[in-house]
Amino acid sequence: MRTFLNKHKEPNKLVRTIELWALIVLLVASALSFAFGSIKTGASFISAEFVRETVMTADEESECDFEELSVCKITYAGDDASVTIDVDEDEYDKLADTLTAYGYMMHDGRIIYFDHRDVSDAEVQNAYSQLMADEMMPVYNFANASFILFLSVLVMWGFGKEFTTYEKSWFISIMVLATIFSVLFPEESANGVNGVIIMWLYLLDTFLNILCELLISKQSRYNFLVSVFVEITEIVISIVLMYRFATLATTLLFWLPIDIVSFINWSRHKDDDEDELTIVRRLKGWQEVLVIAGIIVWTFGIGYLISGLDIATDFYTNDALATAIVYIDACASAVGIANGLFIFFRYREQWIAWYICAALEAIINILSGQYVLLILKLGYFTNTTYGYIKWTRYIKTHSEKEATIF
């Protein structure tokens, strides 16, 4: 890698200066946002005065499936306010359609409602802290996004000789869009995990995936080192949200091992003229047919098995939607496996597999309301086109070389 860096010209000093100032601004913005949010969330209430009681109506969308959940959240709403209570199956059967809620005014004018009249200071403090945490979520998301954007600029600045102006612009543009979406479409908490943490994982996943994709398009074997961190992040996301178990199993049993052996394989097939490049090639027609058949069998087989599992999660409340996503995920995991093998054997057709996989994952993201991850898919589509063109151009201008698998 040192040879590769030394072969490139020194970047424009003005650009380097702009990147350095951007690093400073983003780091300061992230630190100040996080500090401000922490102060607000950790603030203690000064006083709480009972002001009124009101009748609220149960939210019709609050559905409970006690075959999967032991405790269910029921929301009552009215007069631009709401109360959420936790109930078990016995309590759920006794619930009325309406609830009398009691409002207490805090020292700062905010009104918090409870499902009972006499509340303790501890209950008020807990509710006040939760209210402030909800209000500060955009601030925390901005802090997370600013830090991830800081990391993005840091990579482009630290390895400035390795990337072209287009590649830098593309990478930073995708991360800026992800930053904007993380603030506009904040994630709600799921399975007891705060939405801010979930959004952090989404942004980290976007950053690592985009960097990995860019390195693949450059035929750099170092993409596999980044890919290991991608797999770890996506494993954590699947566990946190309790979903996409086909992808989780594929990541554990296939992607992590294939990343290691692919790095070794790519390292053994360096271009004779440019050490940083890996020799790539085309796939044959009969191989494509076998791959397509394998994807179909995997999709329906794995989809059927996982859809029959009794997995509890509050990320999805619609059984039909959860089942549909299981099959789409199974297909995406199958295409992902094909893609991993294509990358290992250095076949150009891995970019076509990326197109299909990105489309399937975009459908899952839309159905799941994970809008910030759509930015990652936009990055996939644009970089896949860029990578396909670069690999095709390389294949046309270089003679085919005998491949050794290991």
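The values are calculated or read from the model by the stated rules, or taken from the named source; none is laboratory data. Just so it is clear, the structure is predicted and the values come from calculations on it, not from any experiment. With ideal geometry, Cβ positions are generated from the backbone for all residues, glycine too; neighbour counts draw on all protein chains shown. Surface accessibility is based on the protein's heavy atoms, side chains included, excluding ligands, DNA and RNA. Shrake-Rupley method; radii C 1.70, N 1.55, O 1.52, S 1.80 Å.
Descriptive notes on the structure:
- Accessible area ranking (1.4 Å probe, heavy atoms, ligands and nucleic acids excluded), largest first, for Ile364, Ile39, Ile356: Ile39, Ile356, Ile364.
- Convex hull projection area averaged over all views, the range 150-298, Cα basis, nm²: 11.3
- Of the DSSP H helices in the chain, those that are both long (alpha-carbon extent of 30 Å or more along the helix axis) and hydrophobic (Kyte-Doolittle mean at least 0.0) are 13-41, 137-158, 195-217, 285-307, 319-344, 373-397.
- By average C-beta atoms within 10 angstrom, highest first, the peptides 78-91, 153-166: 153-166, 78-91
- Relative contact order [Cα under 8 Å, 6+ residues apart], the chain, whole percent: 15
- Dimensions in Å of the range 178-220 - Rg and Dmax from alpha carbons: 13.3, 41
- A straight chain from Thr98 to Ile366 at 0.36 nm per residue would run longer than the Cα-Cα distance by 93.2 nm.
- Anisotropy class of the chain from Cα gyration tensor, a/c 1.5 cut: oblate
- Net +/- balance of residues flanking Met137 in space, Cβ distance below 15 Å, scoring K and R +1, D and E -1: -3
- Length gained when the stretch Phe381-Thr75 is fully extended (0.36 nm per residue, less Cα-Cα span): 106.2 nm
- Difference of contour (0.36 nm per residue) and Cα-Cα distance, Leu283 to Lys396: 39.3 nm
- Other residues lying with their Cβ under 13 Å from the Cβ of Phe254 contribute a combined charge of -3, Lys and Arg counting +1, Asp and Glu -1.
- Calculated FRET efficiency, Phe159 to Arg52, Cβ-Cβ distance, R0 = 56 Å: about 0.40 to the nearest 0.05.
- For the chain, carbon and sulfur atoms together expose 63% of the accessible surface, with a 1.4 angstrom probe and every protein chain in place.
- Remark: the chain carries 51 Å² of accessible area per residue (probe radius 1.4 Å; ligands, DNA and RNA excluded).
- Rounded accessible area of Phe342 (nearest 10 Å², 1.4 Å probe): 20
- Residues of the range 137-168 with amide N under 13 Å of a point placed 7 Å along Cα→Cβ from Arg16: 157-162
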